[in-house]
Amino acid sequence: MGRTSRIGVLMVAVILTAGAALSGDTAPQPGLTGKDFTKFVEVMAETIAMPTGPWKAMGLPGFEVLLQGTWVEADSSTPWWQNTMPGTADEMGGLTSYALLGRVGLPWGIDLGGQVGNVAGETFWAAEIRKDLMNGEGIRPAIGIRGTYGTLGGPADVDIYTLDLGISKRFLLLEPFGSVGYRWAEGSASWGDPEAVRHSVGSSGAVIAAGVDLALPFLRFRLEARQGFETAVFFGVGLRL
C-alpha cells in the first residue's frame, strides 16, 4: 500500500471514530411523534447530502480528495432532538459532522464522487454522478447537472436523493459556484410504548447552494452554504489535480 493510500485509510478511520467519541448514538424515544421524526430526517438528510463544489468537469486523470466539516442549523433543546439524540448537545447552534469526500474525472465530461463520514456516532455515505453541459473554456462558465444519493444507518435509517443544476467560473485563484436543485428524503425507525412500531416518513423540497473554491498548487480550500431542508455550511480542505 502506497503512502497516499495509507493516508486515505487513516483519514477515513479518524472520521468514523471521531463522531462516536464526541457524540452519543441516535436512539428514537417512546415519546417521539411523527412530526418530530420528520424534522430529524430532514436535518440528517441535510447533513449527509454531498456538497456541490465547482462544476467544471475534471476529466482524466483529474481527481480531488477533501476532508470536510459540516454544520447544519439545529437546536438540541427542541423535542425532536431530545427524542432522537438524547444526551447530546448542539455545537454553536447546530449539528456538526465530518466526512472524507473524493471525486474522479472520466471521459465525456463525466465525474464520479463519493463521501463517507460520521454524525452523532453513526456512519453515513453518499455517491454522485455529474455531467458537464458547458466546459467553462474561454469566457464561458462551466455548467453541469448531477444526481446524488446519501444514506445514514443506525437505529434510524435516512436516505436522500438530489438532482442539481449548477454553474461556476474560475477567476485566477478563486472559483465562485452556485446551484439550484430538488431533493427527496425518506426515513424509518421503530419506537413506541409498550411495543415498538416501525414508522416511515418522507419529505421533499427545493435546494439552493453557493460557495467559493480557492485553488493553490495542488491544494483546495472550499466554503459552501446551502439552504434546503435546513441551513447548512461546509468547509473543506484537500488536494485536487
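The values are calculated or read from the model by the stated rules, or taken from the named source; none is laboratory data. Note that the coordinates shown come from a computational prediction; the quantities given were computed from them, not determined experimentally. Reconstructed Cβ throughout: ideal geometry from the backbone, glycine too, with neighbour counts over all protein chains shown.
Please go through the stretch 213-224 and give me each residue that is surrounded by 13 or more Cβ atoms within 10 Å (Cβ to Cβ) and within 18 Å of residue 63 (Cα to Cα), ordered by number. Don't jump to the end; show me each part of the working.
If we filter the stretch 213-224 for residues that are surrounded by 13 or more Cβ atoms within 10 Å (Cβ to Cβ), which is where we start, we get 213-215, 220-224.
Within the stretch 213-224, 213, 214, 215, 220, 221, 222 qualify.
Just the residues that are surrounded by fewer than 16 Cβ atoms within 10 Å (Cβ to Cβ), assigned to a loop (DSSP other than H, G, I, E, B) and not β-branched (Val, Ile, Thr), please, taken from the stretch 60-92.
Scanning the stretch 60-92 gives 60, 61, 62, 75, 77, 86, 87, 89, 92.
Please go through the stretch 224-241 and pick out each residue that is touching a helix residue (DSSP H, G or I) at 6+ places or on another chain (Cβ under 7 Å) and aromatic (Phe, Trp, Tyr).
Within the stretch 224-241, 229 is the sole residue that qualifies.
Can you name the condition, by its number, that residue 155 falls short on among (1) in contact with an Asp or Glu (Cβ under 8 Å, 6 or more places away or on another chain); (2) surrounded by 16 or more Cβ atoms within 10 Å (Cβ to Cβ); (3) farther than 18 Å from residue 102 by Cα?
(2)
Out of the stretch 188-241, which residues are in a strand (DSSP E or B), within 19 Å of the chain's Cα centre (by Cα) and small (Gly, Ala, Ser)? Quick ask: steps written out before the conclusion?
To start, the set of residues in the stretch 188-241 that are in a strand (DSSP E or B) comprises 188-191, 197-216, 219-227, 231-240.
Keeping just the survivors that are within 19 Å of the chain's Cα centre (by Cα) gives 202-213, 220-227, 231-240.
Those that are in a strand (DSSP E or B), within 19 Å of the chain's Cα centre (by Cα) and small (Gly, Ala, Ser): 202, 203, 204, 205, 206, 209, 210, 211, 225, 232, 236, 238.
Which of the residues belonging to the stretch 78-120 are in contact with a helix residue (DSSP H, G or I) (Cβ under 7 Å, 6 or more places away or on another chain) and more than 16 Å from residue 41 (Cα to Cα)?
Scanning the stretch 78-120 gives 98, 99, 100, 116, 117.
Name every residue in the stretch 133-148 that is at pLDDT 95 or above and buried (at least 16 other Cβ atoms within 10 Å of the Cβ), in order of residue number.
Correct list: 141, 142, 143, 144, 145, 146, 148.
Identify all residues within the stretch 138-187 that are of a type in the set (Val, Ile, Thr) and either assigned to a strand (DSSP E or B) or within 18 Å of residue 110 (Cβ to Cβ) (or both); write none if there are none. If you could, list the steps in order and put the result at the bottom.
Filtering the stretch 138-187 for residues of a type in the set (Val, Ile, Thr) gives 139, 143, 145, 148, 151, 158, 160, 162, 167, 180.
Residues satisfying the conditions are 143, 145, 148, 151, 158, 160, 162, 167, 180.
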